[in-house]
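First up is the structure itself, then whatever we jot down about it.
Throughout, read-outs are computed from the coordinates displayed, never taken from laboratory work. Here the structure is a predicted model, which means the values were calculated and not measured. In this analysis, Cβ positions are derived from the backbone assuming ideal geometry, glycine residues included, and neighbour counts consider all displayed protein chains.
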Amino acid sequence: MKDFIITIDGASSSGKSTLAKGLAKHFGFKHIDSGAMYRALTQYAMELQLLGEDCYKIKELISLLPTIKIDFNSDDFVMLNGKVIEGKIRSLEVAKYVSIIAKESIFRKFMVDRQRELGERGNVVMDGRDIGSVVFPKAEIKFFLEASIDVRTARRFTELKEKGDVVSYKEVYDNLAKRDEIDSTRLDSPLVKPTNAIVLSSQESTSENLLAKAIDEIEKKRS
Ligand code: C5P
């Protein structure tokens, strides 16, 4: 098969990463989780105490951008300045602040430039909010994943509990609702269904069924 890019967009916990991982494995592609890139920057800012409760030192964070390099290792884990930081970035603490960082154009431009570099050679599945609309609008295969906020909350809540995080269902629900709102109403690259995207619902589908459906769609499109 010729090199190509698969984009997957959708709201938080709509099943993007699971589908992306499955497709990456099936096609032997690299998986780039663009949300992990925003989460890594957020975690870094929090560690430096530039971001947190009543603290938003955006100018300082902007001045650090030229010193920050985001990458993915061979297992597709995000790295910031050469260090894997996968575990911490999935916490509810980071989730509370990530959309505040992600709505700023200066950080978006930084991420989009890097995402384009990482994906330019093709053979990549990239998931996020603006991948099919802004980062790779000409991608050959675009998916848009949908699921209700209740199903997404239940999924995220179970994931966090399994990791041992102490969180309530309500906290997770409120965080998703807040991020949905910020991500879909921001001025720069809001979450939208990209033109020509294939809409898949992960509402009731098992991840295996969803993957099979997506592979089927890709094979139809490329035959
Ligand atoms: O996908 P995930 O939930 O890990 O993304 C975390 C946050 O990163 C989102 O809520 C959103 O604010 C931001 N994001 C974004 N654009 C992307 C990917 C993620 O704005 N392409």
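Could you point to the residue in TYR173, SER202, PHE157 farthest towards the positive end of the chain's charge dipole, with +1 and -1 charges on the Cβ of Lys/Arg and Asp/Glu respectively? Most positive-ward Cα: SER202. Using the Cβ-Cβ distance between VAL192 and ARG121 with R0 set to 25 Å, the FRET efficiency from 1/(1 + (r/R0)^6) comes to roughly 0.40. State, to one decimal in nm, how far the label point of ASP150 lies from the label point of LYS220, with both points 7 Å from Cα in the Cβ direction. Once both label points are built, they end up 2.9 nm from each other. Assuming charge only on the beta carbon of Lys and Arg (+1) and of Asp and Glu (-1), the dipole of the chain about its Cα centre is about 380 debye to the nearest 20. Its DSSP H runs of at least 4 residues, each contributing -39,500 (n - 2.57), put the calculated 222 nm mean residue ellipticity of the chain at -15500 deg cm²/dmol, to the nearest 500.
Phi-derived couplings, Karplus 6.51 cos²θ - 1.76 cosθ + 1.60 at θ = phi - 60°, listed residue by residue for the stretch 198-209: 8, 8, 10, 9, 9, 4, 10, 5, 6, 4, 5, 5 Hz, with x used for Gly and Pro. Distance from a point 7 Å along Cα→Cβ of PHE77 to each backbone N in the stretch 17-38: keep the residues under 19 Å and list them by number. Label zone hits: 17-18, 21-22, 25, 30-38. Couplings 3J(HN,Hα) of the stretch 132-145, computed from phi: x, 8, 10, 6, 10, x, 9, 4, 5, 10, 10, 10, 10, 9 Hz, in residue order, whole Hz [Karplus 6.51 cos²θ - 1.76 cosθ + 1.60, θ = phi - 60°; x for Gly and Pro]. Converting phi to 3J(HN,Hα) with the Karplus coefficients 6.51, -1.76 and 1.60 and the offset θ = phi - 60°, the stretch 43-50 yields 4, 4, 4, 5, 4, 7, 6, 9 Hz in sequence order, with x at every glycine or proline. For PHE72, the amide hydrogen comes within under 5 Å of the amide hydrogens of MET79, counting only partners 5 or more places away or on other chains and with H modelled in the peptide plane.
Structure note, pairs LYS138/LYS220; LYS163/LYS213; LYS83/LYS213; LYS88/LYS193; LYS16/LYS163; LYS103/LYS142: Cα-Cα distances above 25 angstrom occur for LYS163/LYS213; LYS83/LYS213; LYS88/LYS193.
With the simple spin-label model, which puts each label point 7 Å out from Cα in the Cβ direction, the LYS138 to VAL199 separation comes to 2.8 nm. Distances between placed amide hydrogens fall under 5 Å for ILE141 paired with ILE5, THR7, all partners being 5 or more residues away or on another chain.
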